Amino acid sequence: MPDRVLRAMNRAAPNIYEGDLIDMVAAMIPDLRRVARTAHHVAIYIGNGHAAWEAALANVAGPGDTVLVPATGRFGHGWADMAQGLGVETDIVDFGKSTPLDPARVEQALRADTAGRIRAVLVTHVDTSSSVRNDVAGVRAAIDAAGHPALLMVDCIASLACDRFEMDAWGVDVMVAGSQKGLMVPPGLGFVFFSPKAAARRAEMERVSRYWDWTPRANPEQFYQYWGGTAPTHHLFGLREALDMIHQEGLEAVWARHAALARAIWAACAAWGQDGPLALNVADPAHRSHAVTALRIGAPYGSDLRRWVQDKAGVTLGIGLGMAEPGDPAWHGFFRIGHMGHVNAHMVMGALGAIDAGLKALEIPHGVGALEAASGVLAQAAG
């Protein structure tokens, strides 16, 4: 999290009934829409990404309904599990952990749904576990080609303000996000953006709980209705500052920065993998996230490397989340590099240098020239 965001949060509690906070939030809603690239609605929840998953589902699907879930990692399955907990049936099409979804198979599944059981298609734009980035516009084209009325719902928790996302241009009906990644604010805020079509589906629902109902949150008559109660004041101060930073840089520039930093990391990983077990989880760069990179290195190297760079270099790498169960020895063969939000060239080069040192210290076989490859990518991007 940027120092600017932390400083903005370091203040006394405000009046939650009138005054500057109320005015700040009213001005912040259009700026949230700008990041999502939508002219439509946004509801804010005090909760994490899982809360946003449930909020989105609760407004458009209920017991007996069905959703189609093309899964490309742990979080696709996680959203499906959330739906099942609400009594919603799930048709899961599992594309594995290293390849993107195939829109043609989505279209095939929708064409087969002649009874119109499927209420929505749940797509994870970037699955944080596998680092697969999916073709959201391609799924919309598949839904339209099938002539199916299903809503297109997209999880952008790992991608918003990192990878290009165009809610309205891509025909997305519902999008969920969290505060803790590209938006650079501590975990605790969940966002659900929704279109008029999704709002119409909400109006057809027999019942939505008072807390999850997005209608008063998106169109509050009184300030407390934004949150279903007391406002998350200090998160809001941080979010205001983070949105200012994004808009000052420019969203297109934010996307370009993430893309360049991702390419630098991929170049380093490719060099290490020339003479050793390290491999990018997603082979095709076109399907890789610009926010997180999942890597395979084989057990026990993944866990050994994570521990070394954390203890010896002060760098925290991500676990291989969802790639193998924690009790399975294979679990130790994966790790992830996060490069989302408040990140720049010197942060990336520092992290890559720490990993390079760890590979050497642990005598893990690896190719040479990784840092040179990364710096070459960054030099070209800056030029």
- Task: Working only within region 270-290, note down all residues that are in contact with a strand residue (DSSP E or B) (Cβ under 6 Å, 6 or more places away or on another chain) and in a helix (DSSP H, G or I).
- Result: G273, H287
- Task: Might you let me know whether region 211-229 holds any residue that is outside any helix (DSSP H, G or I), surrounded by 15 or more Cβ atoms within 10 Å (Cβ to Cβ) and either more than 24 Å from the chain's Cα centre (by Cα) or not assigned by the TED database to the domain that holds G188 (or both)?
- Result: yes
- Which condition breaks for Q180 when tested against (1) surrounded by 15 or more Cβ atoms within 10 Å (Cβ to Cβ); (2) free of Cβ contacts under 8 Å to residues at least 40 places away in the same chain; (3) out of contact with any Asp or Glu (no Cβ under 9 Å at 6 or more places or on another chain)? (2)
- Message: Out of the strands (runs of 3 or more DSSP E) lying entirely within region 1-116, which hold 1 or more residues that are open to solvent by 40 Å² or more (accessible area, probe 1.4 Å) and under 30 Å from D244 (Cα atoms)?
- Response: 41-46
- Message: Just the residues that are part of a loop (DSSP other than H, G, I, E, B) and more than 19 Å from H258 (Cα to Cα), please, taken from region 120-154.
- Response: G147, H148, P149, A150
- Query: In the set R240, R263, which member is touching a Pro at 6+ places or on another chain (Cβ under 9 Å) and of a type outside the set (A, V, I, L, M, F, W, C)?
  - Reply: R263
- Determine, yes or no, whether V208 is among the β-branched types (V, I, T) and surrounded by 19 or more Cβ atoms within 10 Å (Cβ to Cβ). no
- Could you list all residues from region 107-147 that are in contact (Cβ under 8 Å) with a residue 60 or more places away in the chain, under 21 Å from D65 (Cβ atoms) and not aliphatic (A, V, I, L, M)? R119
- Starting from region 323-335, take each residue that is without any contact (Cβ under 8 Å) to a residue 24 or more places away in the chain and list its partners that are of a type in the set (A, V, I, L, M, F, W, C) and assigned to a helix (DSSP H, G or I), counting only C-beta distances under 8 angstrom and pairs at least six apart or across chains. A324/A330; A324/W331; E325/W331
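The values are calculated or read from the model by the stated rules, or taken from the named source; none is laboratory data. Keep in mind that what you see is a predicted model, and the values were worked out from it rather than measured. Note that each Cβ is placed from the backbone with ideal geometry, even for glycine, and that neighbours are counted across all protein chains shown. With ligands, DNA and RNA removed, areas are computed over all heavy atoms of the protein, side chains included. Shrake-Rupley method; radii C 1.70, N 1.55, O 1.52, S 1.80 Å.
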